[in-house]
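Heads up: the structure comes next, in structure tokens.
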Amino acid sequence: MVVAGGDHGIDSEVQDLRESDREVLDLLRNEPASAVGFQGLKRRLGLHPEKLSRALRRLERDDLVEKTDLGYRLAGRARAFLSPTAIRPATPAIPVLQTFLPPEVHLPELAAYLRGKWFGDLRWYGLMETPEELTLSWLSEDDGIQIDARLRTGALSIEARIAHPSQFPAATMAAHELFQHIAQAYGRVAMNG
């Protein structure tokens, strides 16, 4: 891990991190605005649940990671000492599907209904929230495909992030399956609202 100079206490603290702690920070630094769920971290890192739990507790205790209702994300303290050059560029998103959502759709309620659910080969990964939109993410069982559903007032777009071009057909099928589940979820949320 690359750290910025300055506060030697933080530098030595980062050097003293366990390997699993570093793995968690490395993954979260590439998702700085996201809250990644425990299961998403476990799947991406391949860590045993107890080992991951201990790493997260240590990182929370040291104010490097914070737990939210949506998952885990870097705390401000970690962002302050991670070098901007240490953040790797994300895999580019490939637009798969775009459609309109009725403007009366309550996005937080729809996201709350979808959050944490698995659909076919897609396993829940995490959620990113900005003032403009909510992005819900799922990973394929083999972690080779990430599908993001971006919800904005009046709009839904589904994007794929793939490791290899040969995965595009599978990503397209997964995106369309996810769309069907989102449409069903909207129907359920609208009926209960």
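Read the figures in this text as sums done on the coordinates, not as results from a lab. For clarity, every value in this text was computed on a predicted model and none was experimentally measured. Ideal geometry is used to build each Cβ from the backbone, glycine not excepted, and the neighbour counts take in all protein chains shown.
Find, among the GluC sites (Glu not before Pro) in the stretch 109-193, those assigned to loop by DSSP (not H, G, I, E, B) with at most 15 other beta-carbon atoms within 10 angstrom. Mind showing how you got there, number by number?
Working: sites: Glu109, Glu129, Glu132, Glu133, Glu141, Glu159, Glu177; in loops: Glu132, Glu141.
Answer by residue number: Glu132, Glu141.
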Simple spin-label estimate for Arg54 and Met173 in nanometres, 7 Å along Cα-Cβ: 4.0 nm
Distance-filtered residues of the stretch 109-130 - backbone nitrogen under 16 Å, label point 7 angstrom along Thr91 Cα→Cβ: 121-126
Electrostatic dipole magnitude of the stretch 94-192 [Cβ: Lys, Arg +1; Asp, Glu -1; Cα centre; debye, to 20]: 140 debye
